[in-house]
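The values are calculated or read from the model by the stated rules, or taken from the named source; none is laboratory data. All of these numbers come straight from a predicted model, not from anything done at the bench. Every residue, glycine among them, receives a Cβ derived from its backbone with ideal geometry; neighbour counts consider all protein chains shown. Side chains are part of the model used for accessible areas, which takes the heavy atoms of the whole protein and leaves out ligands, DNA and RNA. Shrake-Rupley method; radii C 1.70, N 1.55, O 1.52, S 1.80 Å.
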Amino acid sequence: MTAKIVAIAQQKGGAGKTTIAIQLAVAWTREGYRVAMLDVDPQGSLTAWFALRRDAEVDGDLQASEVQGWKLSTEIDRLKGNFDILIVDTPPHAETDARVAVRAASLILVPVQPSPMDLWATQPTLELARREKSNALLVLNRVPSRGKLTDIIRAKISEEKLPIANAQLGNRSAFAASMMEGLGVVESQPKGLAAIEIRTLADEIAGLAKLTKTRGG
């Protein structure tokens, strides 16, 4: 078994990288995948969330570790034989660390909020993916429930022929609320809209990245 590596990368801070990394990790774990998360962001938000989860003694096989960027390749090599998926949460504004993750990844997810500034900010990450000949996928995040801007941004992305997920994540407080408990929304509100959205995104990515399980879900 060799794990598929999914990197969450975006040069712009505040795009929701860590939220997406955590929510996907929990969703995939609950579907029966063996998942490990690697926190390369010096801010350490993913690591702090996992500490809450560990203290709450939440059931599940999900694992996480904090990794310095220069050790990332070694850590990936150490873990990839024991997991189905490795999720790498990369830091913003740190091209060297991001490049290592992008080079190793089967798929790079690029969160983008539905605004022109956020869309423009994706270009360095997409260009990095092109240089490293890695597959990238934009993911619309924090999408408002009303308004035409999301449709305008999707049209612009289509016009520029950029890869984008069909699934999108709404601007829902349930995501943050679940993380304050060391959980994901599929655990805290399994029948809620946020859980439906993250499961839909997780399933779409699983198909694109050709994820496979080593045990039954």
Discussion item. Given the criteria aliphatic (A, V, I, L, M), at pLDDT 95 or above, open to solvent by less than 40 Å² (accessible area, probe 1.4 Å) and in a helix (DSSP H, G or I), does Val110 qualify?
Written reply: no
Worksheet item: Scanning for something within 17 Å of the chain's Cα centre (by Cα) and modelled with pLDDT of 95 or more, does region 51-59 turn up at least one residue?
Response: no
Worksheet item: Would you pick out the residues in region 33-44 that are modelled with pLDDT of 95 or more and open to solvent by less than 50 Å² (accessible area, probe 1.4 Å)?
Response: Tyr33, Val35, Ala36, Met37, Leu38, Asp39
Worksheet item: Out of Thr122, Thr47, Thr90, which single residue is polar (S, T, N, Q), buried (at least 21 other Cβ atoms within 10 Å of the Cβ) and closer than 29 Å to Lys213 by Cα?
Response: Thr90
Worksheet item: Considering Lys12, Lys71, which residue is in contact (Cβ under 8 Å) with a residue 40 or more places away in the chain, open to solvent by 50 Å² or more (accessible area, probe 1.4 Å) and of a type in the set (D, E, K, R)?
Response: Lys12
Worksheet item: Pick from region 190-217 the residues that are small (Gly, Ala, Ser) and either within 16 Å of Glu31 (Cβ to Cβ) or out of contact with any Phe, Trp or Tyr (no Cβ under 7 Å at 6 or more places or on another chain) (or both): which of them is most open to solvent (accessible area, probe 1.4 Å)?
Response: Gly217
